[in-house]
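Here, each number is a calculation from the coordinates, and none is a lab measurement. If you're wondering where the values come from, they're calculated on a predicted model, not measured in any experiment. Because the Cβ atoms are built from the backbone with ideal geometry, glycine has one as well, and the counts that use them run over all protein chains shown.
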Amino acid sequence: MENLDFFKELSVTAAELIITYAPKVLLALVVLLVGLRVINFIMKVINNKLVQTNVDATLRPFAINLLSWTLKIMLFISVASMIGITTSSFVAVLGAAGLAVGLALQGTLSNFAGGILILIFRPYKVGDLVETQGRLGTVKEIQIFTTILATPDNKMAIIPNGAIMNDEIVNYTTLGKIRVDLTMGISYGADIKKAKEVLEQVMLSHPKVLRDPLPFVGVSELGDSSVNLAVRPYATPQDYWAVYFDIYENGKIALDNNGIEIPFPQMDVHMKS
């Protein structure tokens, strides 16, 4: 008899729970399914917009996934509150966990934010010749946390994006032309005008030296042992090093052929009796 009463009470309680929560659960399930479909639709629309506006392919998946998970978490919290689950404590725990993770990964998050800013504002792109963090090199890859440079001495420099965005960035490729700064010394007895003509001809005869702007030669310093000439050809960034080494070599040969001396460092010593 007692068992019968227990089962009656249990069935009554179950019926009350079903009557009370069944509509909420069904409505919550409908909201969940519809919400997930809406989120997927929104993500497709945003992704198409990002593709149309030429947002970097590295940034798109991260941006889409971050936004998608944010919307899904908000949806799950809303569905839980519709059923009657108290979400305030859950939100507090989630916020505390986020704060703890943020403090633990402070440097990593800084690099992540730096990578996002680089991909959005594009101070450089793959293939550009840049100088940052004391490194000069060609950008080989832009990752979400780091940028990889190939240096002129064939080394791979992996630089954190957070440090890059907090430092000066010099992009030698953006303007399409770069000046090659060279210095050549001639003796004090040499003909400066002739030396300038010889070096100008060397630059104009080089196939990778640009004609606009025209190359320039001028006296930059009266040194201890030589008159130093500033030799300034222009080249494309990819031809920088070829022009740099060729003009030094060809300039030395041309000066020698024209009898213009490039002196060794020397010191005059005066003896007093």
Query - Alpha carbon centroid spacing (whole Å) that separates segment 122-152 from segment 165-200 - result: 24 Å
Report summary line: Diffing segment 221-234: the Karplus 3J(HN,Hα) column from phi (6.51, -1.76, 1.60, θ = phi - 60°), in whole Hz with x for Gly and Pro, holds 6, 9, x, 5, 10, 8, 8, 8, 9, 7, 10, 10, x, 10
Report summary line: Distance in nm between V38 and F76 label points, each 7 Å along Cα→Cβ, equals 1.9 nm
**Report entry** Per-residue HN-Hα couplings for segment 109-123 [Karplus 6.51, -1.76, 1.60; θ = phi - 60°; Hz; x = Gly/Pro]
**Finding:** 5, 4, 5, 5, 5, x, x, 4, 5, 5, 6, 7, 8, 6, x
Requested in this report: Restrict the search to segment 147-242; then list the GluC sites (Glu not before Pro) that DSSP places in a loop and that have at most 12 other Cβ atoms within 10 Å of their Cβ.
Outcome: E168
Query raised in the report: Does anything in segment 122-158 have its amide N under 20 Å from the 7 Å Cα→Cβ label point of N65, and if so which residues?
Result: 141-148
Query raised in the report: Taking R0 as 45 Å, what's the FRET efficiency between V45 and L136 from their Cβ-Cβ distance, rounded to 0.05?
Result: 0.60
Query raised in the report: Can you sort Y188, Y124, Y244, Y234 by how many other beta carbons sit within 10 Å, fewest first?
Result: Y188, Y244, Y234, Y124
Query raised in the report: D191 to L222: FRET efficiency via 1/(1 + (r/R0)^6), r the Cβ-Cβ distance, R0 22 Å, to the nearest 0.05?
Result: 0.90
Report task. Taking a cut-off of 28 Å between Cα atoms, list the lysines near K72, but don't count ones fewer than 8 places away on the same chain. Result -> K24, K44, K49
**Report entry** Stokes-Einstein translational diffusion, segment 116-182 - Kirkwood Rh over all Cα pairs, 1.567 mPa s, 4 °C, in µm²/s
**Finding:** 107 µm²/s
Report task. Return the loop-located trypsin sites (Lys or Arg not before Pro) in segment 189-233 (DSSP other than H, G, I, E, B) with at most 11 other Cβ atoms within 10 Å of their own Cβ; answer none if there are none. Result -> R211
Requested in this report: Sort segment 178-257 into rounded, prolate or oblate with this rule: let a ≥ b ≥ c be the square roots of the eigenvalues of the Cα gyration tensor; rounded if a/c is under 1.5, and if a/c is not under 1.5, prolate when a/b is larger than b/c, oblate otherwise.
Outcome: prolate
